[in-house]
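Inspection log for the structure reproduced underneath, given as structure tokens.
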Amino acid sequence: MTSMLEFPMARAAGCPFDPPPAMQTLREQTPLTRVRISDGKTAWLVTRYAEQRALLADPRVSSDVTRPGYPSPMPVGERGAPVSFILMDDPEHARLRRMVTAPFTIKRIEAMRPGVQKIVDDLIDDLLAGPKPVDLVEAFALPVPSLVICQLLGVPYADHDFFQDNSKVIINRETAPEERRAAGDRLYAYLDRLVGEKLDNPGDDLLSGLTQRIRDGELARSDAAQMGVLMLIAGHETTANMIALGTLALLQHPDQLALLRESGDPKLVAGAVEELLRYLNITHSGRRRVALQDIEIAGQVIRAGEGIILANDIANRDPSVFEDPDRLDLRRDARRHVAFGFGVHQCLGQPLARMELQVVYDTLYRRIPTLRLATTLEEIPFKHDGAVYGVYELPVTW
Amino acid sequence: MKVFVDQDKCCGAGTCVMLAPDVFDQRDEDGIVVLLDGQPSEGLHPIVREAANVCPAGAITVSDNA
């Protein structure tokens, strides 16, 4: 018997957009395999698309982080950890999630599109008027989603250095537990103070909406603050990484970039967003679950209490679902991807993420058609240590 | 084709409305699915099947025996 593989695995040098080769090999060999995770525990790693979707939709599979056997990527149960409803099961998960879904309906998000377009246009005006080369992460990729989520939640954008810095600490896989706890506590205290202000003086934003629930006795103030932490982090980190890493991937695939630069067709742009979500799958730490009962799947039995890791990045390269999966092809139909997960925990903010990315990918390369890297691919620092993948910096010029 | 939705299962991800806005909508108060057209015209069948397939909560079912 060979020794058990460790998860997460390393990407190949020179292939920053592809999942780790060891995971590709595993997917070819077997849909499920046991892996050792960072704290010495083991879990099932699920590598194929069909089995991932089946398990993520299975009510015998739990997201409850407090259950023994849950394959946690980081210490949990801390007050400031961004846990909230993403790490709970129904019915409590559904009860809390439904309190915050209204601002993310397709209609409400579409109504935000002109405002997002203005944010993107203004930031590009500033880029063009400023010095170059410039770090696209700092000057564009982070500000776009941060401005948008601040507006939606009712968080002052002036505090962006504070919440971006603390988010960075929390989602870095290498962060020491006590450091992560401290960053989580700082964000929690900040959101708790904001919730308190909005209890006295509500506005027209998501956090103010939650204060009505608090007054009605449906929601604890601590739960409201935790939901705020979760949405603030999820709302800017993920989209920022998609903007910067997506831009880098497109610069490495100039024929694909040309499609976006020259098209202006909303259908092509929408399809390009789905393909970049599939191809880059920045949530590269896997969806984490634990079995509530014995589950027979693909000739194996997952025993009750055993942890399960569903690596969406490798499922999105499954050749039985996506033809020539390792090729970035903006014209393909990639809508079945699982980059937002699957099951009832699937990303709540996906309509917002899609709309923001559509506006960005449709605008940035047309307004700056000569955009190019101001460094080499080898020099770019990738977030191999991040719970969410991306680049720390992206120096560009034009 | 007959389309059925289960509002208790729905998690409000909105993928069905994104794909087939003539067939599905969302409640304003919590984003939960609302069926606009339970017997969509033939031209919509492929996109409705896709909406059922990608629904993360399995809240949409489609029957062809009608």
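A residue that is at pLDDT 95 or above and not in a helix (DSSP H, G or I) occurs nowhere in the range A:241-251.
Is it the case that some residue within the range B:27-45 is of a type in the set (Lys, Arg) and either surrounded by 20 or more Cβ atoms within 10 Å (Cβ to Cβ) or assigned to a helix (DSSP H, G or I) (or both)? Checked the range B:27-45: no residue is of a type in the set (Lys, Arg) and either surrounded by 20 or more Cβ atoms within 10 Å (Cβ to Cβ) or assigned to a helix (DSSP H, G or I) (or both). Would you confirm whether any residue within the range A:126-135 is within 14 Å of another protein chain (Cβ to nearest Cβ), touching a Leu at 6+ places or on another chain (Cβ under 7 Å), outside any helix (DSSP H, G or I) and of a type outside the set (Ser, Thr, Tyr)? No, the range A:126-135 contains no residue that is within 14 Å of another protein chain (Cβ to nearest Cβ), touching a Leu at 6+ places or on another chain (Cβ under 7 Å), outside any helix (DSSP H, G or I) and of a type outside the set (Ser, Thr, Tyr). Scanning the range A:104-118 for residues that are within 14 Å of chain B (Cβ to nearest Cβ), of a type outside the set (D, E, K, R) and assigned to a helix (DSSP H, G or I) gives A:Phe104, A:Ile106, A:Ile109, A:Ala111, A:Met112. Entry remark, the range A:353-383: residues being under 30 Å from A:Arg287 (Cβ atoms) and touching a Phe, Trp or Tyr at 6+ places or on another chain (Cβ under 6 Å) number 2 in total.
With respect to the conditions (1) away from chain B (no Cβ under 12 Å); (2) touching a residue at least 24 places away in the same chain (Cβ under 8 Å), A:Gly40 lacks only one, and its number is (2).
Has the range B:3-15 got at least one residue that is more than 14 Å from chain A (Cβ to nearest Cβ), of a type in the set (Lys, Arg) and over 9 Å from the mean Cα position of the chain (by Cα)? So far as the range B:3-15 goes, no, none of its residues is more than 14 Å from chain A (Cβ to nearest Cβ), of a type in the set (Lys, Arg) and over 9 Å from the mean Cα position of the chain (by Cα). In the range B:23-32, is there at least one residue being away from every other protein chain (no Cβ under 11 Å) and farther than 25 Å from A:Gly271 by Cα? No, the range B:23-32 contains no residue that is away from every other protein chain (no Cβ under 11 Å) and farther than 25 Å from A:Gly271 by Cα. Being touching a strand residue (DSSP E or B) at 6+ places or on another chain (Cβ under 6 Å) and β-branched (Val, Ile, Thr) is true for just one of A:Val65, A:Val46. Which residue is that? On inspection, the qualifying residue turns out to be A:Val46. With the condition kept exactly as written, say whether any residue in the range A:178-186 is at pLDDT below 95, part of a helix (DSSP H, G or I) and of a type in the set (A, V, I, L, M). Among the residues of the range A:178-186, at least one is at pLDDT below 95, part of a helix (DSSP H, G or I) and of a type in the set (A, V, I, L, M), which makes the answer yes. So in the range A:340-365, with the set limited to residues that are within 14 Å of chain B (Cβ to nearest Cβ) and among the aromatic types (Phe, Trp, Tyr), which one is nearest to A:Lys107 (Cα to Cα)? Selected residue: A:Phe340.
Conditions tested, residue by residue: (1) under 20 Å from A:Gly115 (Cα atoms); (2) in contact (Cβ under 8 Å) with a residue 40 or more places away in the chain; (3) touching a helix residue (DSSP H, G or I) at 6+ places or on another chain (Cβ under 9 Å); (4) surrounded by fewer than 16 Cβ atoms within 10 Å (Cβ to Cβ).
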position: A:Leu152; (1), (2), (3), (4): yes, yes, yes, no
position: A:Leu187; (1), (2), (3), (4): no, yes, yes, no
position: A:Glu218; (1), (2), (3), (4): no, yes, yes, yes
position: A:Ala224; (1), (2), (3), (4): no, no, yes, no
position: A:Met227; (1), (2), (3), (4): no, yes, yes, no
position: A:Ala240; (1), (2), (3), (4): yes, yes, yes, no
position: A:Gly246; (1), (2), (3), (4): no, yes, yes, no
position: A:Leu250; (1), (2), (3), (4): no, yes, yes, no
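The values are calculated or read from the model by the stated rules, or taken from the named source; none is laboratory data. No experiment lies behind these values; they were computed from the predicted model shown. Glycine gets a Cβ as well: all are built from the backbone with ideal geometry, and neighbour counts include every protein chain shown.
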